[in-house]
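Asks: One structure, as structure tokens, below. Some questions next.
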Amino acid sequence: MKIEWEAWLPAPAKLNLFLHVVGRRADGYHLLETLFRLIDLSDRLRFTPRNDGEVRLATPLPGVNEGTDLCTHAARVLQKAANVRSGVDIHLDKRIPMGGGLGGGSSDAATTLMALNRLWSVDYPRERLMELALPLGADVPFFVFGRNAYAEGIGEQLTEAKLPPAWYVVLVPPVSVPTPAAFAAPELTRDTKTVKISGFSASSQGSADEMPAHQGWPIWDGRWGHNDLEPVVCSRYPEVARQLAWLREQLALAGNAAPVRMSGSGACVFAELENKDAAEALVSGLPGDMQAVVARGLDVHPLQAW
């Protein structure tokens, strides 16, 4: 995809196929292990040049103070690091639910970094952009990385993961879960066993603390892992628990053992299906008070070839 001024550029969402909290650093940051999956649900951004050096979001976000959004923050970080004198107006077409655990704000910031890196003729390598991305948020480096990934540390230690084709039904409960509050919950388990990436194939059976791998790549077959934040969020947001239960009940009735999880710190929950027809069949029985998105899993970020 070509990066040009005034062109609409994608910022795809992500799912956490599992999310384990394995510890906590002295500075309060949680140590995580997670498997990130890109999906084709996407925000869109468009960039208009300014000659006065100002960086502005032309489409304000509800509940977000002007100048504190991640898009303008990312633009200013790059502008300062590269000593850029030009400015930009950022137009954001918001399609990813906010506060849903799908990484929309982080993805918007990553697309901003990648786009302006080219539009301002900075031309930093991806590794440098990932360094600039980390202070913006733990998920931002993943979107700059641009491929499905197994993540460690606070989310910044990334290993590319090979994931099979899949479609997802993503339910969007009518609540917004603040990530800091979920991680601060006293009942949150913070001692999940550290993952070992084993050397066996996708068809082999591993122990509970081994993540399958094949030819050096972490793989995913749906049988493995959990989300440590899920019980915390479900206890505080009954609607999230209800929608998770509905998904699991529907798949059980269909004899389908597909994984059903909450993504990130919620509130969105998802089921992984083998194809689009199966996903659409599941959505056809959705209760009238629930909202769903059918999304395809991606192998790479649409801007990967920048």
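The values are calculated or read from the model by the stated rules, or taken from the named source; none is laboratory data. This one's a predicted model, so the numbers in the text were calculated from it and none came from an experiment. We place every Cβ from the backbone using ideal geometry, glycine too, and count neighbours over all the protein chains shown.
Asks: Go through the stretch 250-294 and count every residue that is of a type outside the set (Lys, Arg) and more than 20 Å from GLY225 (Cβ to Cβ).
Replies: 23
Asks: Now, a different point. If you check ASN16 against the conditions, is it modelled with pLDDT of 95 or more, surrounded by fewer than 21 Cβ atoms within 10 Å (Cβ to Cβ) and polar (S, T, N, Q)? Spell out the reasoning first.
Replies: Numbers: modelled with pLDDT of 95 or more: yes; surrounded by fewer than 21 Cβ atoms within 10 Å (Cβ to Cβ): no; polar (S, T, N, Q): yes.
Against the criterion (modelled with pLDDT of 95 or more, surrounded by fewer than 21 Cβ atoms within 10 Å (Cβ to Cβ) and polar (S, T, N, Q)), ASN16 does not qualify.
Asks: Which one is farthest from VAL22 (Cα to Cα), of the residues in the stretch 130-144 that are surrounded by 24 or more Cβ atoms within 10 Å (Cβ to Cβ) and free of Cβ contacts under 8 Å to residues at least 40 places away in the same chain? Walk me through it before giving the result.
Replies: Applying the first criterion (surrounded by 24 or more Cβ atoms within 10 Å (Cβ to Cβ)) to the stretch 130-144 yields 133, 139-144.
Next, only the ones that are free of Cβ contacts under 8 Å to residues at least 40 places away in the same chain stay: 141, 144.
Values: PRO141: 20, VAL144: 24 Å.
Result: VAL144.
Asks: Quick one: count up the residues across the stretch 181-198 that are surrounded by 13 or more Cβ atoms within 10 Å (Cβ to Cβ) and modelled with pLDDT under 80.
Replies: Qualifying residue count for the region: 3.
Asks: Then there is this: Within the stretch 22-57, can you find the residues that are over 16 Å from the mean Cα position of the chain (by Cα) and either closer than 19 Å to GLY266 by Cβ or basic (Lys, Arg) (or both)?
Replies: ARG24, ARG25, HIS30, ARG46, ARG50, ARG56
Asks: What number of residues within the stretch 73-109 satisfy the criterion of being on the phi < 0 side of the Ramachandran plot and in contact with a strand residue (DSSP E or B) (Cβ under 7 Å, 6 or more places away or on another chain)? Even if it seems obvious, please write down each step before you answer.
Replies: Step one: list which residues in the stretch 73-109 are on the phi < 0 side of the Ramachandran plot, which gives 73-82, 84-98, 100, 102, 104-109.
After this cut, where a residue has to be in contact with a strand residue (DSSP E or B) (Cβ under 7 Å, 6 or more places away or on another chain) as well, the list is 75-76, 79, 86-96, 102, 104, 107-108.
Going through the stretch 73-109 one residue at a time, the tally reaches 18.
Asks: From (1) assigned by TED's automatic domain parsing to the domain that holds PHE142; (2) touching a strand residue (DSSP E or B) at 6+ places or on another chain (Cβ under 7 Å), pick out the condition that doesn't hold for PRO60.
Replies: (2)
Asks: On the given criteria, is ASP123 surrounded by fewer than 21 Cβ atoms within 10 Å (Cβ to Cβ) and at pLDDT below 85?
Replies: Judged against the criteria, ASP123 is not a match.
Asks: Separate question: Which one is surrounded by the fewest Cβ atoms within 10 Å (Cβ to Cβ), of the residues in the stretch 94-120 that are free of Cβ contacts under 8 Å to residues at least 60 places away in the same chain and not in a helix (DSSP H, G or I)?
Replies: ARG95
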